[in-house]
Amino acid sequence: MWVIALRVAVVVLALRVLVWWLEPRMAFFPTSGVQETPASAGVPFRDVRIGTPDGQQLHAWWMEHPAPRAQVVFFHGNGGNLSMWLDIFVQLWRRGFSVMAVDYRGYGASTGSASERGLYRDADATIQVFQQQFKRPGTPVIYWGRSIGAPVAAHAAVGTGPTGLVLETPMPDVRSVLRTNPVLWLLSFLSTYTFPTTRLLERYHGPLLILHGDEDEIVPFSAGRRVFERAPSVKKTFVAIEGASHNDLHVTLPALYWSTIDTFVSELSAK
């Protein structure tokens with residue numbers, strides 16, 4: 001009997017080591033370097049270096065609007081780098097928002113390698129620099145997270161209480177998006193990664209806006225609905241972008257997308 005128990009223990013240990021090795025490679029798809037900057041779109045910006053408590057140096061952009069309706073701290077998805085998301089930053093700035101956007105460790109020109117805990121540390125360091133150097137009194141502050149950036153933004157919101165929180169294509173947690181793959185779902189119980197957006201939101205009670213494409217092929221539409229339904233925020237809004245997949249919400253139905261943002265920000269400003 002003890003031989004069987006030993007073999008089972010060895011198999012479980014081997015699987016756990018394999019999962020630990022695989023999890024960052026399956027969760028993060030960074031692109032190194034900087035391929036394009038806001039200057040190419042005529043948007044003034046400042047390169048910012050952010051030090052983390054564990055010794056990493058993050059690269060961020062600060063795009064200050066001369067008369068901002070709100071200030072946005074943006075946490076992007078798990079692929080690419082800041083250059084990949086330039087389009088949304090430029091549109092935000094042109095619509096009257098100041099924007100701080102950061103590349104996580106291991107992305108773009110930031111040092112290190114990405115991990116779930118590392119992303120939360122990156123968020124904490126970014127918010128600290130934003131508050132110390134760029135926060136403008138009397139102007140609404142929005143933390144904005146998309147996809148894997150949703151739990152990162154939720155984590156940041158719990159600690160510092162922004163005026164509002166915007167989440168695009170969020171998942172309740174990792175396991176919720178692996179249910180259709182029995183093997184990965186079982187292996188997820190050995191993973192250290194959880195990205196628990198729903199649990200993090202339990203401690204956030206401010207205004208919340210969630211946008212999700214009803215044809216999302218990566219994070220199911222139903223997953224975004226569950227995040228919304230379980231969020232305790234008194235003032236919360238869910239908007240479905242019909243025909244949108246995971247990365248194209250702002251281009252599939254731009255009128256609906258931006259009018260939703262405008263309404264959300266107007267209500268924040270009226271407080």
Entirely in segment 112-215, the helices (runs of 4 or more DSSP H) that have 1 or more residues that are at pLDDT 95 or above, touching a strand residue (DSSP E or B) at 6+ places or on another chain (Cβ under 7 Å) and not polar (S, T, N, Q): 116-129, 149-160
Candidate set: segment 22-58, residues that are of a type in the set (A, V, I, L, M) and assigned to a strand (DSSP E or B); chosen: the one surrounded by the fewest Cβ atoms within 10 Å (Cβ to Cβ): V48
Residues that are assigned to a loop (DSSP other than H, G, I, E, B), in contact with a strand residue (DSSP E or B) (Cβ under 8 Å, 6 or more places away or on another chain) and buried (at least 19 other Cβ atoms within 10 Å of the Cβ), drawn from segment 216-238: V219, A231
Hey, R94 closer than 19 Å to R136 by Cα, charged (D, E, K, R) and either out of contact with any Cys (no Cβ under 7 Å at 6 or more places or on another chain) or at pLDDT below 95 (or both) or not: yes
Segment 240-266, residues that are of a type in the set (V, I, T) and surrounded by 20 or more Cβ atoms within 10 Å (Cβ to Cβ): I241, I261, V265
Candidates W93, W61, W85 - the one that is in a strand (DSSP E or B) and under 20 Å from the mean Cα position of the chain (by Cα): W61
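The values are calculated or read from the model by the stated rules, or taken from the named source; none is laboratory data. As the structure is a computational prediction, the values presented were derived from the model and not from experiment. With ideal geometry, Cβ positions are generated from the backbone for all residues, glycine too; neighbour counts draw on all protein chains shown.
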